[in-house]
1. What whole number of Å gives the distance from the Cα centroid of the range 12-66 to the Cα centroid of the range 105-121?
2. Take the residue pairs Lys29/Lys102; Lys77/Lys144; Lys49/Lys164 and return only those whose Cα atoms are more than 29 Å apart.
3. Starting from the Cα of Leu125, step 7 Å along the direction of its Cβ; do the same at Asn70; then give the gap between the two resulting points in nm.
4. Which ordering of Tyr98, Tyr149 is given by a fewest-first count of other beta-carbon atoms within 10 Å?
5. If each of Ile161 and Leu145 carries a label point 7 Å out from its Cα toward its Cβ, how far apart are those two points in nm?
6. Enumerate the calculated ³J(HN,Hα) couplings along the range 55-64 in order (Karplus 6.51 cos²θ - 1.76 cosθ + 1.60, θ = phi - 60°), each rounded to whole Hz, writing x wherever the residue is Gly or Pro.
7. Non-local amide H neighbours of Val82 (under 5 Å, H modeled in plane, Pro and chain starts lacking H): which ones?
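Any read-out appearing in this document is the output of simple, stated calculations on the displayed coordinates, not a laboratory observation. Just so you know, these numbers come straight off a predicted model, no measurement behind them. Here the Cβ is made from the backbone with ideal geometry for all residues, glycine too, and neighbour counts use every protein chain on show.
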Amino acid sequence: MINENKIQNSPTIYLMCGFLGFGKTTIAKRLEKELPALRLTHDEIMLKKYGRNPDDFEEKYKEVDKFIRNEAEKAIKQGKNVILDYGFWTREQRRVYYKWGKYLTPNVIFYALLCDMEIAKQRVLARTKNNSEELWIDENCFNKLLQCYEAISEEEGYPIIYEKG
């Protein structure tokens, strides 16, 4: 049995959950300062290492994911809160990362962003067009990725904080 004092003093992993354009990174940056916490996101690392539209995206994504997990584990061991700004689009991905997080600390929380899908699409298309510091996502890519998205639900049984993005 885990001592309640230990839980309160243990670091927390926040798993940012939502689709493209929902405002995950904006909220994650705010939380990074407020908590404080180490914020880790694929997009920023991918862009820095491989540019806006990398070849072999899936392979490079896995490489970056391994790096992020290592950094998160180090931070948790040092007693720091961690924010994973991923999206966690599928039930399976949420299950895997929740289990992994619980192995590191008793405090793992999904931070779910809610947003109208048309607003999200317009945000993504605008940032692709206007910001060369973002990964390239056009309307076709947005629509294709949307087919993979499964919104988180309370039925999954995880601790969830909801916020409008």
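1. That distance is 13 Å.
2. Numbers: Lys29/Lys102 23 Å; Lys77/Lys144 38 Å; Lys49/Lys164 31 Å.
Those over the limit are Lys77/Lys144; Lys49/Lys164.
3. In this crude label model, Leu125 to Asn70 measures out at 4.0 nm.
4. Details: Tyr98 20, Tyr149 13.
Arranged by neighbour count, lowest to highest, Tyr98, Tyr149 become Tyr149, Tyr98.
5. Calculated label separation equals 2.4 nm.
6. Running phi through 6.51 cos²θ - 1.76 cosθ + 1.60 with θ = phi - 60° gives 6, 6, 3, 4, 5, 5, 4, 5, 4, 5 Hz.
7. Result for Val82 returns Thr12, Ile13, Tyr14, Leu38.
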